[in-house]
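See structure below.
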2 protein chains.
Amino acid sequence: MSELLKLITPKDATDLILNSITEIKVGTEKVKTPESLGRVVRKSYRSESILPSFDKSSVDGFSVRAQDTFGASDSLPQYLKVVGEVPMGQETELIISEGQAATTYTGGMLAGDADSVVMIEYTNRIDANTIEVTKPVAKGENVVFAGEDVKPLDEILSSGHTIRPQDIGALSALGINELDVSQKPKVAIISTGDELVSAESDPKLGQIRDLNTHTISALVAQAGGIPCPIGIFKDEYELQLSAATNAMQDCDIIVFSAGSSVSNRDLTIKVFKALGKPGILAHGIAIKPGKPTILGLAQNKPLIGLPGNPVSALVVADLLLKPVIRALMDDINPLFRNQVSAFLTADIPSRSGREDYVPVKLEDTAGVLDATPVFGKSNLIFTLVKSDGIIRVPADSAGLYKGQTVTVRMY
Amino acid sequence: MSELLKLITPKDATDLILNSITEIKVGTEKVKTPESLGRVVRKSYRSESILPSFDKSSVDGFSVRAQDTFGASDSLPQYLKVVGEVPMGQETELIISEGQAATTYTGGMLAGDADSVVMIEYTNRIDANTIEVTKPVAKGENVVFAGEDVKPLDEILSSGHTIRPQDIGALSALGINELDVSQKPKVAIISTGDELVSAESDPKLGQIRDLNTHTISALVAQAGGIPCPIGIFKDEYELQLSAATNAMQDCDIIVFSAGSSVSNRDLTIKVFKALGKPGILAHGIAIKPGKPTILGLAQNKPLIGLPGNPVSALVVADLLLKPVIRALMDDINPLFRNQVSAFLTADIPSRSGREDYVPVKLEDTAGVLDATPVFGKSNLIFTLVKSDGIIRVPADSAGLYKGQTVTVRMY
């Protein structure tokens, strides 16, 4: 227990690394609006025009003056003279006066001097030039007025917003065809350990395949960064320092995936210290899996030392690396995406003083989600493969109980 | 009200289109495992090897025979002779016998004939060759046994599973470096309407920019498909039929984005019918926004006629097009991704007999999510831009109430 007290909490670890980079951002680049999905805009966009640009019907029917439909009913309809049709996609010179109407389509302009549109469903054609209206309309009914969607100078998107399909639509509607967005942060992934061989080779007895290069690369891509896998390096200081120093030239974040043994960690710490000031920010987090995590900063670049175990590495990368990638892009969106509420189907015992992350399998039973813990040693990657998401057992709790509502963070 | 009764429910519409394509899938292709993130595997993968491939220590310490530590305590430690070190990444010939121990690292092999590992924290070094053990270990303690993660023939991934970072790790761990995955479905997007001009041009009065080509393209990409924007076509039967016929050669799904007026819809229906049997599956859905939706099937390819209004088009595409794209890839994952529970901050009145989709803005207040409806005419795209997700008001309800828990489907 005593060792846990020396460790920093996951919340403090996140705050520490994020606070150390509040002033550090990646550069910007221009992209065409239709190609901006998922990118983070780096300036505020305001409308320079008006949307819609003309009074527009939202139904098929007839442009009318509302007062001419007053009191209309099935038994006592109002008769109007149809003086023409407003064609789609063209400016119209058609103007209606008292007692007149003009055929009008959804999305089309209103006839001049009309103030509302009667739906075709509430009209009957009497002859080529006459309709009867069986229901009154109010002024403005079935009309989207010019400027009702956006007015000039309305803020459309704040700086730091991540682009979704509708944002592409809104920007396109206003003729904003190019955007300033954050470059994708480049994340160097350096795998270290005498026992590692590449995932594509055949390990001899005692060797293991390096998984973290691939898993962390995938997670970086998922978070919107560019993974830069540097390679596997033996546990030799000079080799690792030179790999890290080179990576610092090109990349925005340096990730070490090191063994979890004390000597591996000491080596990572030595390399991080040699990269520049302030060097080490934190060493060890009160979390399971993921305790032997190292956080640092050098030359204004965040350094993250992940545990070598693939499960711990993924849990910590999700918790710390993803927010760092988003922060460097200046993403202002809160991270409540990808989480669902579910009922726990079994007790989860936990040791207090440490946050536990437990993988769960989700099942939809009649519209209600059940979360079943996937137990197993925390270093078995198949506990993650067999699960749909992960839940957090807070440090101040002795566990979670069957039937409790939990928040599941989806992978 | 009477018209609503003729419309199909959103659930029935989804079932109808999905049931019509249960036998239709896109082809497969091979990708390298590290590049398979987000792809859907098209066969089941079973392990051909064992993981870990050797008994592995999960801590730093000493390989021992558990019986030699029996009864050990701070006041009455057991003394063991250290006969060597098991190096990382190498097969060891070191064997321990009664009363002996061998230095062992996290992730490394155990010494021969050892059955457990004592953590370094529970030992003290007495001299160069002797340690004292202050806590007993049980047989198997701090060891991950060969095969404990995966055994030969264990199913790793089912056919239809979507690849996540941990899956890439697990497959790599087993030496599976290439996967059979579904090709990405190609989705033709055909925009129609006399009033439309391209999003990049300047509309004259009465014209509007075509947003749906861009927004639906983005949504298709998000869903894992390949958008194929075909262009904007005037409301002329021959033009539209020829565009659709050409698109059928290359694409797996044909999407029409047509105006919402009756004549537009009639034209889409005529084109869909001309493409082949069975032609039209449904016409009109009891949903707001999105009522004038058309569903069809021709030459084994799904046809979706989206409303021309950008908001309706996005809501319907999310509801119907996304599942169709996933189904063609044979994705078996249930769709409980990207939804959160939140408390509604205001009443939402609704008309019964029709499902309403209402955009909401989310706010995290002390760990609890509040969902505030973004009201506005359902054809204003800025209601989607200003919101974080959408909630469904069921057809059999007269609305939702302030304080109620709702499920928010995130964009």
Practice problem: Restricting attention to the range B:149-166, report how many residues are crowded, with 19+ Cβ neighbours inside 10 Å and either assigned by TED's automatic domain parsing to the domain that holds B:ALA111 or touching a residue at least 40 places away in the same chain (Cβ under 8 Å) (or both). | Solution: 9
Quiz prompt | Any hit, the range B:79-97, residues being within 10 Å of another protein chain (Cβ to nearest Cβ), in a strand (DSSP E or B) and surrounded by 14 or more Cβ atoms within 10 Å (Cβ to Cβ) | solution = no
Exercise. Could you give me the residue pairs with C-beta distances under 6 Å whose first residue belongs to the range A:260-282 and is in contact (Cβ under 8 Å) with a residue 12 or more places away in the chain and more than 14 Å from chain B (Cβ to nearest Cβ), whose second residue is of a type in the set (S, T, N, Q) and not in a helix (DSSP H, G or I) wherever it lies, and which are 6+ apart or on separate chains?
Key: A:GLY276/A:GLN299
Quiz item: If you check B:LEU303, B:LEU314, B:LEU281, B:LEU320, which single one turns out to be among the aliphatic types (A, V, I, L, M), assigned to a strand (DSSP E or B) and buried (at least 22 other Cβ atoms within 10 Å of the Cβ)?
Solution: B:LEU303
Quiz item: If you take the residues in the range B:196-226 that are assigned to a loop (DSSP other than H, G, I, E, B) and buried (at least 24 other Cβ atoms within 10 Å of the Cβ), which one is farthest from the other protein chains (Cβ to nearest Cβ)?
Solution: B:GLY225
Exercise. Output the residue which, of all residues in the range B:396-411 that are assigned to a strand (DSSP E or B) and within 14 Å of chain A (Cβ to nearest Cβ), is surrounded by the fewest Cβ atoms within 10 Å (Cβ to Cβ).
Key: B:THR405
Quiz prompt | Subset of the range A:177-195 [farther than 27 Å from A:LYS270 by Cα and in a strand (DSSP E or B)] | solution = A:GLU178, A:LEU179, A:ASP180, A:VAL181, A:SER182
Quiz item: Which ones in the range B:128-145 are surrounded by 17 or more Cβ atoms within 10 Å (Cβ to Cβ) and among the charged types (D, E, K, R)?
Solution: B:GLU141
Quiz item: For the range A:377-411, what are the residues that are closer than 17 Å to B:PRO165 by Cα, at pLDDT 85 or above and in contact with a Lys or Arg (Cβ under 9 Å, 6 or more places away or on another chain)?
Solution: A:THR383, A:LEU384, A:VAL385, A:LYS386, A:SER387, A:ASP388, A:GLY389, A:ILE390, A:ARG409, A:MET410
Quiz item: Which ones in the range A:179-195 are modelled with pLDDT of 95 or more and over 19 Å from A:PHE272 (Cβ atoms)?
Solution: A:LEU179, A:ASP180, A:VAL181, A:SER182, A:GLN183, A:LYS184
Exercise. Please go through the range B:98-111 and pick out each residue that is in contact with a Lys or Arg (Cβ under 8 Å, 6 or more places away or on another chain), over 15 Å from B:THR130 (Cα atoms) and either more than 10 Å from chain A (Cβ to nearest Cβ) or not small (Gly, Ala, Ser) (or both).
Key: B:MET109, B:LEU110
Quiz prompt | Index of the failed condition, B:ALA114 passing every other in (1) under 43 Å from the mean Cα position of the chain (by Cα); (2) more than 10 Å from chain A (Cβ to nearest Cβ); (3) in a loop (DSSP other than H, G, I, E, B); (4) free of Cβ contacts under 8 Å to residues at least 60 places away in the same chain | solution = (1)
Quiz item: Considering only strands (runs of 3 or more DSSP E) fully contained in the range A:332-395, which possess at least 3 residues that are free of Cβ contacts under 8 Å to residues at least 12 places away in the same chain?
Solution: A:355-365
Practice problem: Spot the failing condition for B:GLY284; the list is (1) closer than 12 Å to B:GLY308 by Cβ; (2) modelled with pLDDT under 95; (3) out of contact with any Phe, Trp or Tyr (no Cβ under 8 Å at 6 or more places or on another chain), and only one is missed. | Solution: (1)
Quiz prompt | Hey, A:VAL374 touching a helix residue (DSSP H, G or I) at 6+ places or on another chain (Cβ under 9 Å), more than 9 Å from every other protein chain (Cβ to nearest Cβ) and either modelled with pLDDT of 95 or more or surrounded by 15 or more Cβ atoms within 10 Å (Cβ to Cβ) (or both) or not | solution = yes
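I'm trying to understand the selection: among the residues of the range A:236-250, which are out of contact with any Phe, Trp or Tyr (no Cβ under 8 Å at 6 or more places or on another chain) and buried (at least 21 other Cβ atoms within 10 Å of the Cβ)?
A:ALA247
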Practice problem: Collect the residues in the range A:26-56 that are within 24 Å of A:ALA327 (Cβ to Cβ) and among the aromatic types (Phe, Trp, Tyr), keeping them in residue-number order. | Solution: A:TYR45
Practice problem: May I ask you to say which residue of B:ASP388, B:ASP356, B:ASP318 is on the phi < 0 side of the Ramachandran plot and more than 14 Å from every other protein chain (Cβ to nearest Cβ)? | Solution: B:ASP356
Practice problem: Working only within the range B:63-78, note down all residues that are among the hydrophobic types (A, V, I, L, M, F, W, C) and assigned to a loop (DSSP other than H, G, I, E, B). | Solution: B:PHE70, B:ALA72, B:LEU76
Practice problem: Kindly provide the set of residues from the range A:130-169 that are part of a helix (DSSP H, G or I) and either over 27 Å from the mean Cα position of the chain (by Cα) or closer than 30 Å to A:VAL118 by Cβ (or both), ordered by number. | Solution: A:GLY169
Self-check item: Test result for A:VAL143, more than 30 Å from A:ASP331 (Cβ to Cβ), more than 10 Å from chain B (Cβ to nearest Cβ) and touching a residue at least 24 places away in the same chain (Cβ under 8 Å)
Solution: no
Self-check item: Qualifying residue in the range B:289-312 (condition: within 30 Å of A:ASP388 (Cβ to Cβ), over 24 Å from the mean Cα position of the chain (by Cα) and outside the structural domain of B:ARG39 (by TED's automatic domain parsing))
Solution: yes
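So, in the range B:169-182, of the ones that are touching a helix residue (DSSP H, G or I) at 6+ places or on another chain (Cβ under 9 Å) and more than 7 Å from every other protein chain (Cβ to nearest Cβ), which residue ends up surrounded by the most Cβ atoms within 10 Å (Cβ to Cβ)?
Of everything passing the filter in the range B:169-182, B:LEU171 is surrounded by the most Cβ atoms within 10 Å (Cβ to Cβ).
The values are calculated or read from the model by the stated rules, or taken from the named source; none is laboratory data. Owing to the predicted nature of the structure, the values given are computational and were not obtained by experimental measurement. Glycine gets a Cβ as well: all are built from the backbone with ideal geometry, and neighbour counts include every protein chain shown.
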